[in-house]
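Comments concern the structure below.
The values are calculated or read from the model by the stated rules, or taken from the named source; none is laboratory data. Everything numeric in this text was worked out from a predicted model, so none of it was measured. As a convention, Cβ positions derive from the backbone with ideal geometry for all residues, glycine included, and neighbour counts pool all protein chains shown.
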Amino acid sequence: MSCIGNLIWFIFGGFFNAIGWFLAGLLWCITIIGIPVGLQCFKLARLQLFPFGKEIVTVNDSGLNLLLNILWLIFGGIELCIVNLMSAVILCITIVGIPFAGQCLKLAKLSLMPFGKEIIER
């Protein structure tokens, strides 16, 4: 199921979303101060490509990650989460879209607070 889901996801928008995240990461990495944010954008781009069969786990709950997550929330994390939540609601309207809505919820979780999280294969 995850292979077919990833293929459908990739064709119908995952590729373009990943390119957007990758370009945002490159822009953030131009400045030295923005490199940590750029790395999180690359993490989101990687998950945007093939989200099925992946899981988000917390690996580090340090104070620095909390501070960076708060800054991330202030400068756009909430908006990113809301967009993913709205996509999930729209996808839930059809029965076929329910598995894809689950992936949007996974992306919403990561886009809300990406620092200290890792993506692993299930």
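Some notes on this structure:
- Restricting attention to the stretch 10-34 and to residues that are part of a helix (DSSP H, G or I), of a type in the set (Val, Ile, Thr) and exposed (fewer than 13 other Cβ atoms within 10 Å of the Cβ), the residue that is farthest from the chain's Cα centre (by Cα) turns out to be 30.
- When the test is whether a residue is surrounded by 12 or more Cβ atoms within 10 Å (Cβ to Cβ), farther than 16 Å from residue 38 by Cα and either among the polar types (S, T, N, Q) or touching a helix residue (DSSP H, G or I) at 6+ places or on another chain (Cβ under 7 Å) (or both), residue 97 passes it.
- Every residue from the stretch 81-100 that is within 14 Å of the chain's Cα centre (by Cα) and either β-branched (Val, Ile, Thr) or outside any helix (DSSP H, G or I) (or both): 82, 83
- Subset of the stretch 41-72 [modelled with pLDDT of 90 or more, part of a helix (DSSP H, G or I) and not hydrophobic (A, V, I, L, M, F, W, C)]: 43, 46, 48, 65, 69
- Within the stretch 58-73, if we keep just the residues that are under 17 Å from the mean Cα position of the chain (by Cα) and not hydroxyl-bearing (Ser, Thr, Tyr), the residue that is surrounded by the most Cβ atoms within 10 Å (Cβ to Cβ) turns out to be 72.
- Residues that are more than 24 Å from residue 28 (Cβ to Cβ) and either touching a helix residue (DSSP H, G or I) at 6+ places or on another chain (Cβ under 8 Å) or buried (at least 16 other Cβ atoms within 10 Å of the Cβ) (or both) within the stretch 104-121 comprise just one, 105.
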